[in-house]
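Written out below as structure tokens is the structure these notes cover.
Throughout, read-outs are computed from the coordinates displayed, never taken from laboratory work. Given the structure is predicted, the values throughout are model-derived calculations rather than measurements. Using ideal geometry, Cβ is built from the backbone for each residue, glycine included, and neighbour counts are taken over all protein chains shown.
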């Protein structure tokens, strides 16, 4: 969106935690603001300087420190690219318990600092559960070494949790200990066309019941988003006849230890769904080859690109009750129409897709151009709508600088006050990623 522009004159690229410590200590003594920067793939300006802060880029800290193929515990520098860690683990039959569209450039330290969620949180849970320990440089330069490889350690406060999702405002993550997962020996997926959004949750319940332990993803795509993906060359999962009458789509993925066992479950699921009366689905396609598996995922992963090709996108990463996904989209569309903004020269589309398993909706308002009129129509309207459902204004992208003013829509005054107290305790001089998460 090209919204955030810093005026930094200096970028430092340390190679060790000790070098990061020396930099931060120097800056703290002189009250110089510091912005930690990973792969710079965030959408809320969390790694962009607000003013002329010094940028500390972690890209040179990119080594795997250790891996235990019995326990699956990986210890790595914060600057390791997520895809590189996946490639490292591949011959060891393990996977990182995190998968993102930006995996080719995002870094594990940034993933931890933003508590990134991704496509398979349904299977592996959040980083609050899989991260076992952290090495963090505190705002005074002290190195907090909590880089444990223990699965169980019930000895006092679990300090690492404070830094997961803190977006670098309490310290700079320089090392990560994470529990990786055994690599699935068989993966498959199925794309389903649904006649109505009201069928999504009943379908989710049935899919969970039948697929149980092998279910790894359950992704929702509304009709408008699917049509944009097809229009802009992201692929076509179903024939036009199968798509006719579909209100939305669901992509289901399985990951297990036996392809034959998993395929039997999927065929039975599809057979049962098609045999129901009335059926929860109109049609579906089951991947029968690795190429088809990848092509079905390409539609879901290509939605961001398709939206970008269609126009200028206002992106809202929100958590709301799963049964309210379509209601949020419809209300937003109606609100913009009431302002006279739903036409090709203003807002062209309101589309949605997301992770049903964790209630995360990606609301995208696709406009012809970014304008003050559209932005004022959307904000604070979207945040007020989220608050009405007791949701979150940021499901997985963080607060950054973009949403600091909107934090009260998701956090009450007592919570924000205690967040400020924690910030002041760790960073009394306010040098660490100033203006992010909490307003200046």
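The table that follows gives values for the structure above.
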quantity	calculated
Euclidean distance between Cα centres, segment 246-279 to segment 305-354, Å	29
Sum of -39500 (n - 2.57) over DSSP H runs of 4+, divided by residues of the chain (222 nm, nearest 500)	-9000 deg cm²/dmol
Theoretical FRET efficiency, 1/(1+(r/R0)^6), r = Cβ-Cβ of residue 264 and residue 30, R0 45 Å, to 0.05	0.10
Sorted by Cβ neighbour density within 10 Å, fewest at the top, the residues 226, 389	389, 226
Whole-Å distance, taken between Cα centres, linking segment 105-166 and segment 18-65	17
Principal axis dimensions, segment 186-303 - Cα atoms, whole angstrom, descending	36, 33, 20
Likely footprinting exposure, 397, 343, fewest C-beta neighbours within 10 Å first	343, 397
Cα-based radius of gyration of segment 11-58 once divided by 2.2 N^0.38 Å, which approximates compact folds	1.14
Computed label-point distance, nm, for sites residue 128 and residue 440 using a 7 Å Cα→Cβ extension	3.0
Rounded FRET efficiency, nearest 0.05, which uses the C-beta distance separating residue 208 from residue 376 and R0 of 51 Å	0.80
Contour excess over end-to-end distance, with Cα ends at residue 158 and residue 327 and 0.36 nm allotted per residue	57.0 nm
Within a Gaussian network of the chain (alpha carbon springs, distance under 10 Å), most fluctuating of 172, 108, 299	299
For 304, 174, 404, order by how many other beta-carbon atoms lie within 10 Å, fewest first	404, 304, 174
For the chain, built as a Gaussian network whose Cα springs stay under 10 Å, the top-fluctuating residue of 257, 57, 283	257
Separation in nanometres of the label points that stand 7 Å from Cα toward Cβ, at residue 83 and residue 16	3.1
Highest-MSF residue in the chain out of 11, 307, 365 [GNM, Cα springs under 10 Å]	11
Spread of Cα-to-Cα distances over 10 Å intervals beginning at zero, given as percent, for segment 249-363	11, 31, 33, 18, 6, 0
Radius, Kirkwood style, for segment 139-189 when every pair of distinct Cα atoms is counted (Å)	13.8
Nitroxide proxy distance, nm - points 7 Å out along Cα→Cβ at residue 241 and residue 196	2.6
Efficiency of FRET from Cβ geometry, residue 277 and residue 145, R₀ 45 Å, rounded to 0.05	0.15
